[in-house]
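The values are calculated or read from the model by the stated rules, or taken from the named source; none is laboratory data. Treat the numbers as computed from the prediction; the structure is a model and nothing was measured. No Cβ is skipped: glycine too gets one built from the backbone with ideal geometry, and neighbour counts run over all protein chains shown. Remember, those area values only see protein heavy atoms, side chains included, never the ligands or the DNA or RNA. Shrake-Rupley method; radii C 1.70, N 1.55, O 1.52, S 1.80 Å.
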Amino acid sequence: TEIYTLSLHDALPISIDDVSLHAGYRNALLLRPGRYRVAGKLRMDGGGVVLRGLGDATIVATGKSRRTLIEIGGGDPSTEPAVQITGDAPAGAATFTLASTARLHPRDRIVITRPSTAEWITALEMRGLPGNYANQRLDWAPASRDLIWDRSITAIDAEHNQITIDAPITTALEKRYGGGAVARVTSYSPPSNIGIENLVLESEFDSANPLDEEHSWIAIALDHVEDAWVRGVVARHFVASAVRVGHRARRITIENCKNEKPVSEI
C-alpha cells in the first residue's frame, strides 16, 4: 500500500478542477490503491466530476481540525428583494397570493422563505428550556430555524396577484407567525452531475481518548448542488456523519454507504 501526503490539487498529476465538465461530458478522477492524507479539505464545486477509488483507495483526514473532509457544491443564489405572501397558506400549498406579481414570470426560479420568528418559537415552547446553560445550547433563537424552498413558477394570475409553483411547500405559512415571502432568483448556477464512488474515508483521532472530538466531524457534505450521488463509500472514525445533505441539495442519491466506528462523546 502506498501512502501519499497531499493537498489533492497539488499532489496529483491531474486535479479535480481539471476534470470538470467539458462540452457536456462527465469525467472521472481515479485514485489508485493507497492512503491519501489530507490536512485540510477537498472541494468539488465544478460540475461533471466523478471522484472514484480503484481498489483499496483511502482518503484520511489528518490533524485535529473539526471539519468536513469533502465538500460538494457552490454558493447561495442571488435574489431580488422579497415580496410578502398575503394571507395564510397550508402545508402542501402550491398557489399563493402575493402583495405584487409585477416582476415575476412563468419559469422564474424563486426562493420561498418562512421566517422563524420569536412568536413561532415561543408557541413551540423552544425558549426557556430547563437545565444548566439551556439558553446557550438548546433554546432556539429567532432567525435560526428559517425554512426555505427553491421552486419555479409554473403560472401567474396577475389579476389576483397569485402564483402557482412546480412543487408544494411542506410547512404552513401563518401570518401570526411571520407568514412567508417570495424572492425572484437573478443568478444561481449550482454544479451538477457530481459523484463520489468506491472510497474509504477515515478521520485520524486521539487513540488515547475514546471520546475525542478534536478531529474531522463529517466525511462528505453536499449543498447547493443538483443531480449528485455518493455510492459505495465507507466512512470510519468521524464524529458525526458519513454523508450530510444540506437544504439546498436537489436530487441526491446515497447508495450502499456505511458509517463505521465513530469516535466522539456519547
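One line per residue, one yes/no per condition, for (1) surrounded by 14 or more Cβ atoms within 10 Å (Cβ to Cβ); (2) at pLDDT 95 or above; (3) among the basic types (Lys, Arg); (4) in contact with a Pro (Cβ under 9 Å, 6 or more places away or on another chain):
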residue	(1), (2), (3), (4)
Ile153	yes, yes, no, yes
Asp157	no, yes, no, no
His160	no, yes, no, no
Leu173	yes, yes, no, yes
Gly178	yes, yes, no, yes
Pro191	yes, no, no, no
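Number of residues in the stretch 204-228 that are of a type outside the set (Gly, Ala, Ser) and surrounded by fewer than 18 Cβ atoms within 10 Å (Cβ to Cβ) equals 8. Inside the stretch 123-139, can you point out the residues that are within 28 Å of the chain's Cα centre (by Cα) and either open to solvent by 90 Å² or more (accessible area, probe 1.4 Å) or at positive phi (or both)? Within the stretch 123-139, Glu125, Arg127, Asn135, Gln136, Arg137, Leu138 meet the criteria.
Give the stretch 63-120 a look and list any residue that's open to solvent by less than 20 Å² (accessible area, probe 1.4 Å) and of a type in the set (Ser, Thr, Tyr), or say none. If the condition is that a residue be open to solvent by less than 20 Å² (accessible area, probe 1.4 Å) and of a type in the set (Ser, Thr, Tyr), then Thr68, Thr101, Ser116 are the ones that fit.
Take residues that are more than 30 Å from Leu173 (Cα to Cα) and tell me which of the strands (runs of 3 or more DSSP E) falling wholly in the stretch 37-120 contain 2 or more.
On the way: elements: 42-44, 49-53, 57-61, 68-72, 95-97, 109-114.
Hits in the stretch 37-120: 42-44, 49-53, 57-61, 68-72.
Screening the stretch 180-189 for residues that are open to solvent by 30 Å² or more (accessible area, probe 1.4 Å) and under 19 Å from the mean Cα position of the chain (by Cα) and picking the one that is farthest from Glu255 (Cα to Cα) gives Ser187. For Ser189, the conditions (1) out of contact with any Gly (no Cβ under 9 Å at 6 or more places or on another chain); (2) assigned to a loop (DSSP other than H, G, I, E, B); (3) over 30 Å from Val239 (Cβ atoms) all hold with the exception of (1). Residue count for the stretch 237-252 satisfying the condition of being open to solvent by 70 Å² or more (accessible area, probe 1.4 Å) and closer than 23 Å to Gly55 by Cβ: 0.
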